[in-house]
1. How large is the Kirkwood hydrodynamic radius of the stretch 108-247, counting all unique pairs of alpha carbons, in Å?
2. Between 112, 135, 230, find the one with the highest GNM mean-square fluctuation for the chain; connect C-alpha pairs within less than 10 Å.
3. Would you please calculate the Kirkwood hydrodynamic radius of the chain over all C-alpha pairs and express it in Å, rounded to one decimal?
4. For the chain, find the longest principal axis of its Cα atoms and tell me its angle to the long axis of helix 107-118, 0 to 90°, nearest 10.
5. Where does the chain land at 222 nm, in deg cm²/dmol rounded to the nearest 500, when only DSSP H runs of n ≥ 4 count, each adding -39500 (n - 2.57), divided by all residues?
6. With a/c under 1.5 counting as rounded, go ahead and sort the stretch 34-90 into rounded, prolate or oblate using the C-alpha gyration tensor (a ≥ b ≥ c being the square roots of the eigenvalues; past the cut-off, prolate if a/b is larger than b/c, else oblate).
7. Below 8 Å, C-alpha to C-alpha, sequence gap of six or more: please give me the relative contact order for the chain in percent.
8. Could you give the angle, 0 to 90 degrees to the nearest 10, between helix 13-23's Cα long axis and the longest principal axis of the Cα atoms of the chain?
């Protein structure tokens, strides 16, 4: 199985993977990291997909930061897609069977599973601010409108072209930003008990935070970072104000377990996931 990301060697999955594959009945499977810089040219994404396609031992891949880039630059190398990959224009999972490559969009599911742990009293009716508009961010927005009734949801991005691309995918308010202070101002408009999500990759793939130290969270807010490793400055700012801060560990567990089940073709039962979570606890 391939792992396409930015700094894959630093991921906890390398420690967890052998335990999980043994629990899942696919002991002996290998995980190969493929690092692609955040701003790599299209050829890098195409090369990664081509390598996977041409490797006779490969059964699939998990994709992190480059979900949208794979769709944009390498979708002609695939033989099919599931509904969410095609609708959202992002590939988070690749399943290989013989000479067929199928791209799947799993983030709507995994975002929902992780959000259920954070906000168990569904549906969520509050305000949400999602910083960043990459594949995982848009998937969360789609999930919120599918399965919840947010009073208002805002998505931000530094790219006007990216915001235009996702306009048809979600009724969320879309806001173009150019610096962290722009996010600070949006944060200041939120009512109490809002959900604030760092989906920019800052704190892991890139240094820093999408907010400044001067940003002020609303009372009783929840700050959720999709990252579980790295500096996580965004969460430090939230904790300093007494705000509930949630890292991306559960999101990581749900994402990897769901994708492993599709790549290797096993049934991810609740009991198996509980065992996998337990095996990953010693992080």
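1. 14.8 Å
2. Highest fluctuation of the listed residues: 230.
3. Working: mean 1/r = 0.0521 Å⁻¹.
The Cα-based Kirkwood calculation yields 19.2 Å.
4. 50 degrees
5. Numbers: 11 runs with 114 residues, N = 283.
Value at 222 nm, helices only, nearest 500: -12000 deg cm²/dmol.
6. Verdict is oblate for the stretch 34-90.
7. Relative contact order for the chain comes out at 15 percent.
8. Roughly 60 degrees, rounded to the nearest 10.
Throughout, read-outs are computed from the coordinates displayed, never taken from laboratory work. Everything numeric here is computed off the predicted structure, so don't read it as measured data. Quick reminder, even Gly has a Cβ in these numbers, built from the backbone with ideal geometry, and neighbours come from all protein chains shown.
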